[in-house]
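The structure appears below as structure tokens.
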Amino acid sequence: MFIASPDSGKILITGAAGNLGSILARRLASSGHRLRLMVHKTMPPADLLDKPGIEVVRADLSVPETLRQAVTGVDTIVHFAGVLFAPGPERFLPTTNTLWFSNLLDASLAARVNRLVLISFPHVEGPTTPARPATGRLDGTPISTHAQTRLEEEKLLFSRTKGSRITPVSLRLGMVYGRGILMVDAALWLARHRLLGVWTEPTWIHLVSIDDYAAATAAAATKEGISGIYHVGDEKPVTLQEFLDRACEIWGVGRPWRMPLWMIYAAAGAVELFARVFGTRAPLTSDFITIGRVSYCGDTTRTRNDLLPTLTYPSLDAGLHLLSRPGKE
């Protein structure tokens, strides 16, 4: 395996203004790759716009005719775009995940793109554990609407690209942690205000540091011979409760409250109701709680063999300092 040279083809990143999309864009841009950043309303961070070899295109996944310009002339697509933090995801995700991804697939097939990387997660196989990790199956029984619709995206990707020019790749990411990750920053804010709570039942999570996430995803987009499903995570899964406890310790705040599940669902319901009434974002929804309660762990063998043989941070112990506040390391 070798990493393709920067002039081997242009890479399109959908959802490039988002958290993970912009992190990947910075990683690829620093290696000299030519990027096309697809946005809908929000522009990418200003530091990206000043880098050479970057262009921005506006397109709307719900309007197929706007996608032609976005995908024409690109070699690889990395797909992040979607809708998050809105109330009632069970109502819109079947459209924003499945239908919109189908629109992108149509455009990619017509443009004869070479590779399409879908950003997914291990939850699509349903509950998994370190003893019984996700292995790359497409016949799982996920519980949440987020995972159900992402599984439908994976099925579309592999079925509709069969016999085509496109090489399909599904990158099932564990929980990305590090400074600047929105979900981690939100947990820090809640913890500092003594509002962070978690259920008592231990829930396995498969972590991956921000550095290893960026390296693995860049490899999925640029290395030769990459295809199929890859699970990206470190070498030592932990429970969500342990992760939050240790994060709060390094933040210098009290550990999260252990709360009954009904109370957490009630809080999510209140947030969704407020968002519907006042038109605000909903950072906490009932479906987020449902997917969050699912233990997940992926078999990372293919990732180690093909994408990232060595991790910078192979465990939470090694990467815990990435959670420290600026100036506190």
In this structure, among K41/K162; K10/K41; K51/K155; K10/K223, pairs with alpha-carbon gaps over 25 Å are K41/K162; K51/K155
Equivalent ellipsoid dimensions for the chain as semi-axes, Å, which come from the Cα gyration tensor, largest first | 31, 22, 20
Calculate how steeply helix 145-160 sits against the longest principal axis of the alpha-carbon atoms of the chain, using the helix alpha-carbon long axis, and give the answer as 0 to 90 degrees to the nearest 10.
-> 20 degrees
Taking only Cα atoms, what is the 0 to 90° angle, nearest 10, from helix 100-111's long axis to the longest principal axis of the chain?
-> 20 degrees
Alpha-carbon centroid distance for the pair the stretch 98-123 / the stretch 198-247, whole angstrom = 22 Å
Spread of Cα-to-Cα distances over 10 Å intervals beginning at zero, given as percent, for the stretch 131-175 | 22, 54, 22, 2
When the chain is modelled as a GNM with alpha-carbon springs shorter than 10 Å, which of V184, V63, V232 fluctuates the most?
-> V63
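Short version: what are the Cα gyration tensor semi-axes of the stretch 184-329, square root of 5 times each eigenvalue, largest first, in whole Å?
Details: eigenvalues 183, 75, 46 Å².
That gives 30, 19, 15 Å for the three semi-axes.
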For the chain, modelled as a Gaussian network with Cα springs under 10 Å, which listed residue fluctuates most, A131, A187, A268?
-> A131
Let me have the 222 nm mean residue ellipticity of the chain computed from DSSP H runs of 4+ only, each contributing -39500 (n - 2.57), with the sum over all residues rounded to the nearest 500.
-> -10500 deg cm²/dmol
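Taking a cut-off of 22 Å, what percent of all Cα-Cα pairs in the stretch 69-144 are separated by more than that?
Details: 1114 of 2850 pairs.
In whole percent, the share of Cα-Cα pairs in the stretch 69-144 beyond 22 Å is 39.
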Where does the stretch 110-197 land on Rg(C-alpha)/(2.2 N^0.38 Å)?
-> 1.39
The stretch 149-188: mean projected area of Cα convex hull, nm² = 4.1 nm²
Residue separation times 0.36 nm, minus the C-alpha to C-alpha distance between R58 and E201: what's the value?
-> 47.1 nm
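Compute the Cα gyration tensor for the stretch 30-72, then decide on rounded, prolate or oblate, letting a ≥ b ≥ c be the square roots of its eigenvalues: rounded whenever a/c is under 1.5, prolate when a/b is larger than b/c in the other cases, and oblate in all that remain.
Numbers: a/c = 3.68, a/b = 1.72, b/c = 2.14.
It is oblate, given that a/c is not under 1.5 and a/b is not larger than b/c.
Based only on Cα atoms, what mean projected area does the convex hull of the stretch 65-222 have, in nm²?
Working: hull surface 44.4 nm².
Convex hull of Cα atoms, orientation-averaged projection: 11.1 nm².
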Which is farthest toward the positive dipole end of the chain among T310, P237, A275, measuring Cα position about the Cα centre, with Cβ charges +1 (Lys, Arg) and -1 (Asp, Glu)?
-> A275
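Where nothing but the Cβ of Lys and Arg (+1) and of Asp and Glu (-1) is charged, how large is the charge dipole of the stretch 45-123 around its Cα centre, in debye to the nearest 20?
140 debye
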Ordering of 202-210, 44-52, 190-198 by packing [mean C-beta count within 10 Å, highest first] = 202-210, 190-198, 44-52
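Taking a quarter of the surface of the Cα convex hull of the stretch 4-99, what do you get in nm²? Present the calculation step by step, with values, prior to reporting the outcome.
Numbers: hull surface 25.4 nm².
Over all viewing directions, the stretch 4-99 projects a mean Cα-hull area of 6.4 nm².
Readers should treat all values here as calculations from the given coordinates under stated rules, not as data from a laboratory. Note that the structure is a prediction, hence the values are computed from the model and not measured. Using ideal geometry, Cβ is built from the backbone for each residue, glycine included, and neighbour counts are taken over all protein chains shown.
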